[in-house]
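What follows is one structure encoded as structure tokens, with my remarks underneath.
The values are calculated or read from the model by the stated rules, or taken from the named source; none is laboratory data. Owing to the predicted nature of the structure, the values given are computational and were not obtained by experimental measurement. Cβ atoms come from the backbone with ideal geometry, glycine included; neighbour counts cover every protein chain shown. Remember, those area values only see protein heavy atoms, side chains included, never the ligands or the DNA or RNA. Shrake-Rupley method; radii C 1.70, N 1.55, O 1.52, S 1.80 Å.
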Amino acid sequence: MQRFLPFWLGLLLLSLVACGFAPGSTTTTPNDTTLLSARVPNPRLIGEANAPVKIIEFSDYQ
Amino acid sequence: MPQLVKNYVDTGKLSIEIHDFPLTQIHTGALMAAQAADCSAEQGQFFLMRKTLFDGAVNKEWHDGSLDDLTTFGNYATSVGINRAQFDSCVTTNRHLAQIKADMALAQQLGINSTPAFIINGRLLMGAQPYTEFAKIIDTMISPP
């Protein structure tokens, strides 16, 4: 039984990856309507979230 | 911005978060551009798309949020290497309109009525500023006199 353990663990990991639950799997999913500013990591932020100084820039594109 | 990133972001002293504030009364294409940027964010290319949108506006590649502009933004999406179908679906279904409205509401709450505008640790700074102005403020906040 023990020699089949790696096989079953591998199968379990593949299943988790397929379902998006595995550690390190992407958090971005199509149709996700969560506010970008509430996501972790925030895709509109550069730098460490706990940096001592934070600039919020409000910008237009024209 | 590159200098700020090099000297402050890369050294762990600063983070920069971009919020949308499309001035829709004078810039009719800005709302769709904001959506294009946010739809690129969900595919991890917000900052590259943002630069592409700014460059495109300077070069007059897009104008008023028309269908032609939508095609242009789709071409930008392809050029920055994101999934075009996912991008098109995101923009046309207004997936991030709630985010844009939340950003605009926050700006109005803070008394912002033009762009660019910056909130630096709660302090409002209006208008485009040279690197030295940002550096002076940031240095003072990191090491108060």
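Structure values in brief
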quantity	calculated
Region B:101-122 residues that are facing another protein chain (nearest Cβ under 9 Å), paired with ones that are charged (D, E, K, R) and open to solvent by 20 Å² or more (accessible area, probe 1.4 Å) (beta carbon under 8 Å, 6 or more apart)	B:116/A:57; B:117/A:57; B:118/A:57; B:120/A:54; B:121/A:54
Helices (runs of 4 or more DSSP H) (entirely within region B:50-129) containing at least 2 residues that are touching a strand residue (DSSP E or B) at 6+ places or on another chain (Cβ under 9 Å)	B:97-109
Residue, surrounded by the most Cβ atoms within 10 Å (Cβ to Cβ), within region B:54-69, restricted to residues that are within 9 Å of another protein chain (Cβ to nearest Cβ) and among the small types (Gly, Ala, Ser)	B:56
Pair list, Cβ under 9 Å, 6 or more apart: region A:26-38 residue more than 7 Å from chain B (Cβ to nearest Cβ) and part of a loop (DSSP other than H, G, I, E, B), other residue open to solvent by 70 Å² or more (accessible area, probe 1.4 Å) and modelled with pLDDT of 70 or more	A:27/A:40; A:27/A:41; A:31/B:93
Close pairs (8 angstrom Cβ cut-off, 6 or more residues apart or separate chains): in contact (Cβ under 8 Å) with a residue 40 or more places away in the chain and at the interface with another protein chain (Cβ under 9 Å from one of its Cβ atoms) in region B:34-53, open to solvent by less than 10 Å² (accessible area, probe 1.4 Å) and of a type in the set (S, T, N, Q) anywhere	B:38/B:99
Selected residue (criterion: surrounded by the most Cβ atoms within 10 Å (Cβ to Cβ)) from residues of region B:76-89 that are out of contact with any Lys or Arg (no Cβ under 9 Å at 6 or more places or on another chain) and among the polar types (S, T, N, Q)	B:86
Pairs with Cβ under 7 Å, 6+ apart, first in region A:46-60 and facing chain B (nearest Cβ under 7 Å), second among the aromatic types (Phe, Trp, Tyr) and open to solvent by 30 Å² or more (accessible area, probe 1.4 Å)	A:46/B:47
